[in-house]
Amino acid sequence: MKGTEGLTYESQLAADQELPEDQVVTLEMQEWIQSEISQLPLQYRSAIILKYMEDLSLKEISEILDMPVSTVKTRIHRGREALRKRMRNV
């Protein structure tokens, strides 16, 4: 493989794997973010979850929530702003 001259298989493998400490930090961060999202008002929470956790398009979210795309955009924006404010207060 290009750029791996002089590296052993073990050193390449170790570089590709996340350290256990990093895995714990990542898991804790994900749990914290989910906790923060769960505290948003339902109208924002639904849009945020569909967009960022379910990876749906604005059009798909619009159809699921039965509202115009412009409303979906507004709710996502306001939900993100509410999360930012919560994160600043931590």
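Suppose the filter is on the phi < 0 side of the Ramachandran plot, under 15 Å from the mean Cα position of the chain (by Cα) and of a type in the set (A, V, I, L, M, F, W, C); does Leu65 pass it?
no
Can you say whether Glu18 is at pLDDT below 85 and charged (D, E, K, R), as far as the supplied structure shows?
In short, yes.
Quick one: which of Leu56, Leu42 is under 30 Å from Lys73 (Cβ atoms), surrounded by 11 or more Cβ atoms within 10 Å (Cβ to Cβ) and either modelled with pLDDT under 85 or of a type in the set (A, V, I, L, M) (or both)?
Leu56
Tell me which residues, restricted to the range 72-90, are of a type in the set (S, T, N, Q) and under 14 Å from Pro41 (Cβ atoms).
Thr74, the sole residue that qualifies.
Being surrounded by 12 or more Cβ atoms within 10 Å (Cβ to Cβ) and within 24 Å of Trp32 (Cβ to Cβ): is that true of Lys51 here?
For Lys51, the condition - surrounded by 12 or more Cβ atoms within 10 Å (Cβ to Cβ) and within 24 Å of Trp32 (Cβ to Cβ) - is met.
The values are calculated or read from the model by the stated rules, or taken from the named source; none is laboratory data. All figures in this text were calculated on a predicted structure; none of them were measured in a lab. Cβ: placed from backbone, ideal geometry, glycine included. Neighbour counts: every protein chain shown.
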